[in-house]
Structures are given as structure tokens and as C-alpha cells.
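What follows is a single structure, written as C-alpha cells, with notes after it.
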């Protein structure tokens, strides 16, 4: 629901949830899922309120897990009910410069240093508006194929975003993952959606990571996502290597394989206008 024109109901919901006098709502740039508002009060600091039909309780659970189990900064969860998630408001200046790149690299490396005994997660999580299944699996390649690539391709084909020919190519790509990827030394905790729009920075420091899509997998999954966007560059990877090694084979071969999956995600999220990018990504891995 969009409360931009008349925020009265939203203010009442937030006021009841926090037992505080909410006075004003201003829409923020909240990304591609839901609408986010800055809510001000008569007698307390502002909060961020996210409104959406997706399972916001799942997003709250992911943020609470990160706050409890990791050193990375995330906004505190203040309240949640169906269709509404209220978070600590973290202010930023929007300047994603080299200092911010390096600080983001330190936080991503710290996240990746969190490990588990298998690949998956204690509960299913979200990637954007879509549920992602996370049963514990001993093999990363098996998990990536059976719980990410194939289900995303099937869903994109079912909703009409993925043409039959491209769908068959993605299934061939899934069949070839054993030759395209390697098993990591240990599972790493992934953010799952690392890009500047999900990072609050101020004065060159990361103040909060937003919109997680977490699970335990191969750290290269996150690194490939970061690498395919233009907002970060050499500074990020130089700083990351100070804290965690990056295998030479990542840039040589595996980066393009993970990038193909990220393009598949985009087709599912944004529709068939992005199929051409997926096709070109599959070309690069020889499928």
C-alpha cells in the first residue's frame, strides 16, 4: 500500500506498534521491494517504516540474526506486523567513495568469516520478494544448482519472463556447474544482495547493511555480485584481500558463472526485458 498521499493510517499503525506519537511520514528511496518511509515523532528519534505485501517478518528475522551473530552493522528491528516492518533509522550522506568501498570490503569479509557446518541456513530466507529455500546441504555446488539456479529458472519460466530456449540453456548451465565451479574450503555467511543501494554510508563509513538475502554458501557468490556493478572497483577488492584471500580462479572462470545466475535473478525480478543480458552471460561461460 502507498501512503505517500495520505500517511494517516501508516502513522497510526506505527504509533500503535511503538506506543509513541508519530507526527509525519516522508517517502525514502527504498529499493525495488516495498515502500520505505521516514517516520518522525514528537518525543523520540525517527524510524524507518517499510510497507509491503512480502513476508516482512522474514526480513526482520534475517536482520536480527545478523545483529546477534555477526559484527556487521544493521538497523535494529523495532517492530513488525503483517505488511509493516519498523526499523531504526540510520542516516547516511549517500557518498559512496573509495573510503566507503574499503569499509564495505571489511564488513563483507567479516561476514564471510562467519561459517557453518553445511550450506544453507536455519530457515528459508528472502531474495527481494521471493522466498529462497535453504535446507542444509553438504555440497555447495549441489545446493547452488538445486536450491538457486534450477528453482529460479523454473519460476521465471512459469511467470513468462524466461523464454523456452533460454530456460533450456539455463538448465544446461546447471548441469555443467560441476565443471564451472569449485567447492569452497568452508561455508561463508553471505549477504546475498550486496550493492550500494543496500548500504548506508556516512563520511566514508558503512553505518548499516540493508535488505539481506542471507545464507551460507561460497564467498565468491557475493564477490561476483559486487564485481558486476559499477559502483565499486579495485579499492574494494584490494581491501577485501587484506582480510580474506580470493582464489585466482575466481576472476579467470568462476566470476562469469555466478554473474549468469545474478542475471537470471534480474530476469525473475524485473522481467523479460533483461533476457538479453542473461543470454550474453551464458555465452561467456560457453553454454
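Hey, fewest Cβ within 10 Å first, where do 180, 210, 189 land in order?
On the way: 180 18, 210 21, 189 25.
Ordered from fewest to most neighbouring Cβ atoms within 10 Å, 180, 210, 189 come out as 180, 210, 189.
From a point 7 Å beyond the Cα of residue 284 in the direction of its Cβ, which residues of region 177-195 have a backbone N at a distance under 18 Å?
Answer for region 177-195: 177, 180-182, 193-195.
Please arrange 13, 38, 242 by counting, for each residue, the other beta carbons lying within 10 Å of its beta carbon, fewest first. Please report the intermediate quantities before stating the final value.
Numbers: 13 21, 38 15, 242 10.
So the residues, fewest neighbours to most, are 242, 38, 13.
By how many degrees, 0 to 90 and rounded to 10, does the Cα axis of helix 98-112 deviate from the longest principal axis of the chain?
Approximately 70 degrees, to the nearest 10.
Using 1/(1 + (r/R0)^6) with R0 = 45 angstrom and r between the beta carbons of residue 248 and residue 53, what's the FRET efficiency to the nearest 0.05?
Numbers: r = 44 Å, r/R0 = 0.98.
Calculated transfer efficiency: 0.55.
Quick check on the exposure proxy: order 95, 169 from fewest to most C-beta atoms within 10 angstrom.
Listing 95, 169 from fewest to most nearby Cβ atoms yields 95, 169.
Rounded to the nearest 500 deg cm²/dmol, what is the calculated helix-only ellipticity per residue at 222 nm for the chain, with -39500 (n - 2.57) per DSSP H run of length n ≥ 4?
Values: 11 runs with 113 residues, N = 287.
Result for the chain: -11500 deg cm²/dmol, rounded to the nearest 500.
Mind running the shape call on region 130-176? Use the C-alpha gyration tensor, a ≥ b ≥ c as the square roots of the eigenvalues: rounded below 1.5 for a/c, prolate if a/b tops b/c, oblate otherwise.
Oblate, because a/c is 1.5 or more while a/b does not exceed b/c.
Out of 226, 170, 182, any idea which swings most in a Gaussian network model of the chain, alpha carbons joined below 10 Å?
Among 226, 170, 182, the largest mean-square fluctuation in the Gaussian network model of the chain belongs to 182.
If you average the sequence gap of Cα pairs under 8 Å that are 6 or more apart and divide by the length of the chain, what percent do you get for the contact order?
Values: 514 pairs, mean separation 50.5, N = 287.
This gives 18 percent for the chain.
Multiply the residue gap between residue 198 and residue 91 by 0.36 nm, knock off their C-alpha separation, and tell me the result in nm, one decimal place.
Working: separation 107, 0.36 × 107 = 38.52 nm, distance 1.29 nm.
Using 0.36 nm per residue and subtracting the Cα-Cα distance, I get 37.2 nm.
Would you look at the GNM of the chain, springs on alpha carbons closer than 10 Å, and say which of 118, 155, 257 moves the most?
155
How much of the pair distance distribution for region 98-284 lies past 29 Å, counting alpha-carbon pairs only, in percent? Let's see the in-between values first.
Working: 3163 of 17391 pairs.
Of all Cα-Cα distances in region 98-284, 18 percent exceed 29 Å.
For residue 27 and residue 69, compute 0.36 nm times the residue count separating them, minus their Cα-Cα distance, and round to one decimal in nm.
12.0 nm
Rounded to the nearest 0.05, what FRET efficiency do residue 9 and residue 42 give with R0 = 22 Å and r taken as the Cβ-Cβ distance? Could you check?
Working: r = 18 Å, r/R0 = 0.84.
According to the calculation, E is roughly 0.75.
Put one equal scatterer on each alpha carbon of region 1-126, apply the Debye formula with no solvent term, and list log10 I(q)/I(0) at q = 0.17 1/Å to two decimals.
Treating every Cα as an identical point scatterer, log10 I(q)/I(0) equals -0.98.
Could you tell me the center-to-center distance, by alpha carbons, between region 201-228 and region 249-273 in angstrom?
Measuring centre to centre over Cα atoms gives 16 Å.
We did not get these values from a lab; they are worked out from the coordinates using the rules stated. Everything numeric in this text was worked out from a predicted model, so none of it was measured. With ideal geometry, Cβ positions are generated from the backbone for all residues, glycine too; neighbour counts draw on all protein chains shown.
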